[in-house]
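Scroll down for the structure; my scribbles are underneath it.
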Amino acid sequence: MNAFLDMAAEVREALAGGRPVVALESTIIAHGMTFPRNLHTACAVEEIVREGGAVPATIAILDGRLKIGLSAGELERVATAGDIAKASTRDIPYLVATGSNGATTVAATMRIAAMAGIPVFVTGGIGGVHRGAETSFDISADLTELAATSVAVISAGAKSILDLGLTLETLETLSVPVVVYGADEFPAFYSRTSGHKAPMRLDTAEAVAALMRAKWRLGIPGGISIANPIPAADEIPAATIDAAIRAALAEMAGRGIAGKEATPFILARVNEITAGDSLRANIALIKNNARLGAAVAVAYAQLTTGSREG
Ligand code: PSU
Ligand code: MN
């Protein structure tokens with residue numbers, strides 16, 4: 001095993017036995033929500049994964065070690081350390097070499113999950129092509145990671161802080177399958193609809209597992225984006241969210257915020273402007289994703305273990 005990885009015993013044993021594991025990111029804990037809601041949510045998500053029959057493996061970088069599966073104390077450290085760096089893939093070597101801490105984004109979590117041999121990863125929303133990217137060049141490394149790293153990423157789509165049309169075009173260029181679970185339209189995180197048609201649709205966890213196996217057995221490496229629409233009862237009206245996003249973007253431009261600070265700034269401002277509604281939706285959708293992720297991990301383990309024996 002990679003000498004930089006510290007894997008929790010439970011995760012190591014599950015992987016060795018071919019049992020299902022679900023990777024979880026830590027940027028959402030450190031930068032996506034405030035304490036104590038972030039810690040409660042992280043624990044609840046791990047519990048849902050367990051109830052679904054898989055072992056949760058929350059990923060973060062602590063003291064320069066790539067942690068796969070956090071103890072209660074480590075999870076609390078990530079949730080309460082106000083200064084933990086947001087770590088994308090390019091930050092991993094720096095944080096390792098300097099013995100530092102990092103809360104991993106979708107890109108970095110995918111890369112570390114792949115190093116550990118975990119093929120299923122659950123998050124809230126993926127990064128993508130930002131509005132105005134034609135001048136800012138702000139395109140998340142989540143997209144290039146999806147192109148390169150063989151992990152299935154379950155999200156609720158992407159927030160409309162991004163240009164969803166350009167994000168979907170870029171995923172097509174990068175040859176990343178984009179599957180919508182149980183719906184015909186790509187979801188926009190807070191909303192089940194975005195006006196963009198689902199590139200592919202699948203309706204069961206078993207079908208998702210079959211796609212994963214087919215892609216990788218065909219020798220086509222890289223990730224798969226599984227977009228799981230937020231439950232209808234938890235949706236936020238598009239007009240409410242759009243107004244909050246427009247206000248946050250205007251404020252960001254006025255304050256000259258850009259680069260890796262852009263996404264955390266917008267997420268925090270949208271939460272404030274919607275007075276907690278967006279946070280409630282965020283928590284509901286990540287729990288929903290955890291349920292699907294566990295089911296996909298169970299189905300994929302059954303499929304691949306079964307075929308190894310047969
Ligand atoms: N989008 C969300 N919630 C999040 C993020 C994105 O709706 O928490 C986080 C994820 O960790 C994602 C990262 O990988 O932001 C993308 O940041 P950037 O746009 O700087 O690549
Ligand atoms: Mn960016």
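The values are calculated or read from the model by the stated rules, or taken from the named source; none is laboratory data. None of these values were measured; they are calculated from a predicted model. Here Cβ is always computed from backbone atoms with ideal geometry, including for glycine, and neighbour counts include all displayed protein chains. Just the protein is used for accessible areas: all its heavy atoms, side chains included, with ligands, DNA and RNA removed. Shrake-Rupley method; radii C 1.70, N 1.55, O 1.52, S 1.80 Å.
Charged side chains reduced to their Cβ positions (Lys and Arg at +1, Asp and Glu at -1) give region 1-107 a dipole of some 180 debye around its Cα centre.
Using only the Cα atoms of region 1-145, build the gyration tensor, take square roots of its eigenvalues as a ≥ b ≥ c, and label the shape rounded, prolate or oblate: rounded if a/c is under 1.5, else prolate if a/b is larger than b/c, else oblate. Here region 1-145 falls in the rounded category. So, R0 is 51 Å and r is the distance between the beta-carbons of Ala207 and Thr80; what FRET efficiency does that work out to, to 0.05? My answer for the efficiency is 0.80.
Give a quick list of chymotrypsin sites (Phe, Trp or Tyr not before Pro) in region 116-183 that DSSP marks as loop, anything other than H, G, I, E or B, with at most 14 other Cβ atoms within 10 Å. List each step's numbers first, then the result.
Numbers: sites: Phe121, Phe137, Tyr181; in loops: Phe137.
Of the chymotrypsin sites (Phe, Trp or Tyr not before Pro), the ones in loops of region 116-183 whose Cβ has at most 14 other Cβ atoms within 10 Å are Phe137.
In the chain, a dipole from Cβ-located charges (positive for Lys and Arg, negative for Asp and Glu) runs towards its positive end, and of Ala9, Thr135, Thr123 it is Ala9 whose Cα lies farthest in that direction. Rounded to the nearest 20, the size of the Cβ-charge dipole of region 205-297 about its Cα centre is 440 debye, with Lys and Arg at +1 and Asp and Glu at -1.
Hey, can you list the DSSP H helices of the chain whose Cα span along the axis is 20 Å or longer and whose average Kyte-Doolittle score is at least 0.0? Those that clear 20 Å and a mean of 0.0 are 238-255, 277-309.
Using heavy atoms of the protein chains and a probe of 1.4 Å, the accessible area assigned to His130 is about 20 Å².
Would you mind calculating the relative contact order of region 38-125 from Cα pairs under 8 angstrom and at least 6 residues apart, reporting the percent as a whole number? Before the final figure, lay out each step's value.
On the way: 101 pairs, mean separation 24.5, N = 88.
Worked out over region 38-125, it gives 28 percent.
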